[in-house]
Amino acid sequence: MSHWIIAPIVLPALLAPFIVLAARYHIGIQRALSLAGVVALVALAFGLAWQASDGTITLYQLGDWAAPFGIVLVADALSTLMVLLTSLLAFCVLLYAIGSGWDARGRHFHALFQFQLMGIIGAFLTGDLFNLFVFFEVLLIASYGLMIHAGGNARMRAGVQYVLFNLIGSTLFLFALGAIYAETGTLNMADLARRVALIGPDETVGIRVAAVLLLLVFAIKAALVPLHFWLPSSYAEAPAPVAALFAIMTKVGAYAIIRVYTLIFPPALAATQGLHDLWLLPAALVSVAIGMAGVLAAKTLDRLVAFAVIGSMGMVMVTISLFTPEGIAAALYYIVHSTLAGAALFLIADLVRTGRGSLELTAQPPMAGAALSAALFFVGAIAMAGLPPLSGFLGKLLVLNASFTAPQAVWIWAVVLVSSLVGILGFARAGSLLFWKAKSLPPQEGETANAAPHPLAYVAAGGLIALLVGHTVFAGQIHGHTSKIAAQLFDPAPYMQSVLDTAGKLSTPQEGH
Amino acid sequence: MEFLVASAIGILTAGGIYLMLRLRSFPVILGISLLTYAVNVFLFTSGRLTIGAAPILAEGATAYTDPLPQALVLTAIVISFGMTAVVVMIGLGAFLGSGDDHVDDQPAPETADAEGRS
């Protein structure tokens, strides 16, 4: 049994306390350790993704206990893709935090950052629902610390809202888990998939309630309208590198929905009929509309980006809610794009804040480092709004293509296309106010000019943009890979076999289930 | 017994939801605490109610109760305790910093933006 699967969880879990205990007062050592950890994480993630790319499902039994009794980690193509995305994002975000000096504005940034990575990666790799809850809590409690990093009244207030909303989400998650356990007597995902399919048509009341509760929890995480209220102020008030890292947290919700609702409650299951098309799809469409309307209406750049994230999450959920292989493949392509584009825009918004002093969308004198910030914003906005030639455009094409045969295609096409136009208007308005109107105002005398951002900050934001360009150039290969992932998701038998029929302590594979 | 436990969970949940919908952070935190108590009891009963039975293998035991919910509820208690402590600290920080403990967004004063953040 290979132990490499658990390495991306153990590495940050050991590194974080080491940073707190050994390097507490030395920001230089903290930076070096944290950066080395993330580089190792990227290497590990590439290794795991390579291993899973041919459809191999690797299982890791903790303590060698067999599946329904012990906790298992499962590395299939979907989870390794998400781990790879997380580690690449974390690398760029960490570079930015170091370059811009955000990590030195409060204490323990690097330790919390590593714990956050541990939680996110654990949530992607686990094959057990209760373990998923525990990793959610790990990533949440680290994110509470990161969210209020560097303090300030506005940030503390937004932090209270963020923590309260997520506590409600965690409580709902526990209710759902309790209901699932009471109905089926197991919390292992593969075992659940087998047992839920066996529940008779007259006894589905409990499991239906649990399925809806679970969907609510993941929809809170994914900031689906009307459960999105926590996102705008907490992302806008969070420190920029933290907000950029949070771009992956909404995707944890999307990942959980894909995993649970293809494996445990597949679209063909009679008990949860109507959950996807009747409830998830309209909510996702409203998310797209509200997100893009928010982009147009935002008064500050950070809120604009936060609403753009809501809109792009809505787009992801629209495609997921089709629950067809083409839909999931398009959604996975769009998830990668939306994470990178959202994170890049949060970093660029911070570049603007550094050079300008404020993020209000009003005409102000030219900012420091305007040329480079403007160029990055231009590319980031093109990607997020979905204009050619970047991956946002390709992603939307895939979304529209996947929804072409759906019965609700008219609604999807109308909402996606109109809201794209609104989003383009919003970004164009913000860009021209920030960068072009500034030329028409005389520079104010007597005010000290803001320093231009650190070159490393530009490198980090540029790195995310470069990843986006790579995502566009290799779109064919990446979409081919996501199609394979989707095919693997819609054929869960090998996954269940690999989890349940691998021998370990307490296992009786010859008797079957 | 079932009725007693079920109604206790129901009353705790109802009180928790009522308090959670209040405007100020102290009642909201209390409401979330009540809700976590409710969910802890709920998790505990998800393995069915059994009286006087051993949860782990023992000499001469004839009946067993499900041990897993007890492990789950321990995890849930620890996590919710920690989370409540965190939210109390952050809420206290926000209250002492701004002199106001509303949980909703207040209209921001004009000057708060430029300096207050970085």
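The values are calculated or read from the model by the stated rules, or taken from the named source; none is laboratory data. On a predicted model such as this, the values are computed, not experimentally measured, just so you know. In this analysis, Cβ positions are derived from the backbone assuming ideal geometry, glycine residues included, and neighbour counts consider all displayed protein chains.
Counting only helices (runs of 4 or more DSSP H) wholly contained in region A:245-360, the ones carrying 2 or more residues that are surrounded by fewer than 22 Cβ atoms within 10 Å (Cβ to Cβ) and among the aliphatic types (A, V, I, L, M) occupy A:281-297. Within region A:201-212, the set of residues being more than 13 Å from A:Ala256 (Cα to Cα) and not β-branched (Val, Ile, Thr) comprises A:Pro201, A:Asp202, A:Glu203, A:Gly206, A:Arg208, A:Ala210. For region A:161-185, the set of residues classified as facing chain B (nearest Cβ under 9 Å) and either small (Gly, Ala, Ser) or not in a helix (DSSP H, G or I) (or both) consists of A:Ser170, A:Gly178, A:Ala179, A:Ala182, A:Gly185, listed by residue number.
Scanning region A:423-450 for residues that are at pLDDT 80 or above and of a type in the set (A, V, I, L, M) yields A:Ile424, A:Leu425, A:Ala428, A:Ala430, A:Leu433, A:Leu434. The set of residues in region B:10-42 that are free of Cβ contacts under 8 Å to residues at least 24 places away in the same chain, surrounded by fewer than 16 Cβ atoms within 10 Å (Cβ to Cβ), assigned to a helix (DSSP H, G or I) and hydrophobic (A, V, I, L, M, F, W, C) comprises B:Ile11, B:Ala14, B:Ile17.
All conditions in (1) surrounded by 22 or more Cβ atoms within 10 Å (Cβ to Cβ); (2) touching a Phe, Trp or Tyr at 6+ places or on another chain (Cβ under 9 Å); (3) part of a helix (DSSP H, G or I) hold for A:Val212, with the sole exception of (1). Within region A:147-154, does at least one residue satisfy the condition of being under 18 Å from the mean Cα position of the chain (by Cα) and of a type outside the set (Lys, Arg)? Checked region A:147-154: at least one residue is under 18 Å from the mean Cα position of the chain (by Cα) and of a type outside the set (Lys, Arg).
So, A:Leu112, is that one touching a residue at least 60 places away in the same chain (Cβ under 8 Å), closer than 22 Å to A:Val42 by Cα and more than 7 Å from chain B (Cβ to nearest Cβ) or not? Yes: the conditions hold for A:Leu112. Please indicate, with yes or no, whether at least one residue in region A:190-211 is more than 8 Å from every other protein chain (Cβ to nearest Cβ) and closer than 26 Å to A:Phe115 by Cβ. No: region A:190-211 contains no residue that is more than 8 Å from every other protein chain (Cβ to nearest Cβ) and closer than 26 Å to A:Phe115 by Cβ. When A:Asn166, A:Asn188 are screened for being among the polar types (S, T, N, Q) and in contact with a strand residue (DSSP E or B) (Cβ under 9 Å, 6 or more places away or on another chain), only A:Asn188 passes.
For B:Leu92, the stated conditions do not hold, so it cannot be described as more than 7 Å from chain A (Cβ to nearest Cβ) and either under 30 Å from B:Leu49 (Cβ atoms) or crowded, with 18+ Cβ neighbours inside 10 Å (or both).
Counting the residues of region A:142-160 that are within 7 Å of chain B (Cβ to nearest Cβ), assigned to a helix (DSSP H, G or I) and within 13 Å of B:Met89 (Cα to Cα) gives 5. With respect to the conditions (1) away from chain B (no Cβ under 14 Å); (2) of a type outside the set (Asp, Glu); (3) surrounded by fewer than 24 Cβ atoms within 10 Å (Cβ to Cβ), A:Met82 falls short on a single one, namely (3).
Against the definition (among the β-branched types (Val, Ile, Thr), in contact (Cβ under 8 Å) with a residue 60 or more places away in the chain and buried (at least 24 other Cβ atoms within 10 Å of the Cβ)), how does A:Ile57 come out, yes or no? For A:Ile57, the condition - among the β-branched types (Val, Ile, Thr), in contact (Cβ under 8 Å) with a residue 60 or more places away in the chain and buried (at least 24 other Cβ atoms within 10 Å of the Cβ) - is not met.
All conditions in (1) surrounded by fewer than 21 Cβ atoms within 10 Å (Cβ to Cβ); (2) closer than 30 Å to B:His102 by Cα; (3) within 14 Å of chain B (Cβ to nearest Cβ) hold for A:Phe69, with the sole exception of (2).
Okay, residues lined up against (1) closer than 30 Å to A:Leu359 by Cβ; (2) among the basic types (Lys, Arg); (3) surrounded by fewer than 24 Cβ atoms within 10 Å (Cβ to Cβ):
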position	(1), (2), (3)
A:Leu187	no, no, yes
A:Arg195	no, yes, yes
A:Asp202	no, no, yes
A:Ser234	yes, no, no
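Against the conditions (1) buried (at least 16 other Cβ atoms within 10 Å of the Cβ); (2) closer than 25 Å to A:Gly70 by Cβ; (3) within 11 Å of chain A (Cβ to nearest Cβ), B:Thr65 satisfies every one except (3). Of all residues in region A:241-274 being touching a His at 6+ places or on another chain (Cβ under 8 Å) and under 13 Å from A:Ile320 (Cβ atoms), which is modelled with the lowest pLDDT? Only one residue fits best here, namely A:Pro267. The C-beta contact set for region A:212-239 (first residue closer than 17 Å to A:Asp302 by Cα, second residue among the charged types (D, E, K, R), distance under 6 angstrom, 6+ apart or interchain) comprises A:Pro232/A:Arg303; A:Ala236/A:Asp302; A:Ala236/A:Arg303; A:Glu237/A:Arg155. For region A:29-56, the set of residues classified as in a helix (DSSP H, G or I) and farther than 19 Å from A:Phe115 by Cα consists of A:Phe46, A:Gly47, A:Leu48, A:Ala49, A:Trp50, A:Gln51, A:Ala52, listed by residue number.
Identify all residues within region A:157-167 that are surrounded by fewer than 23 Cβ atoms within 10 Å (Cβ to Cβ) and free of Cβ contacts under 8 Å to residues at least 24 places away in the same chain; write none if there are none. A:Leu164, the sole residue that qualifies.
If you go through region B:13-36 and pick out every residue that is within 11 Å of chain A (Cβ to nearest Cβ) and within 18 Å of A:Leu213 (Cβ to Cβ), you end up with 7.
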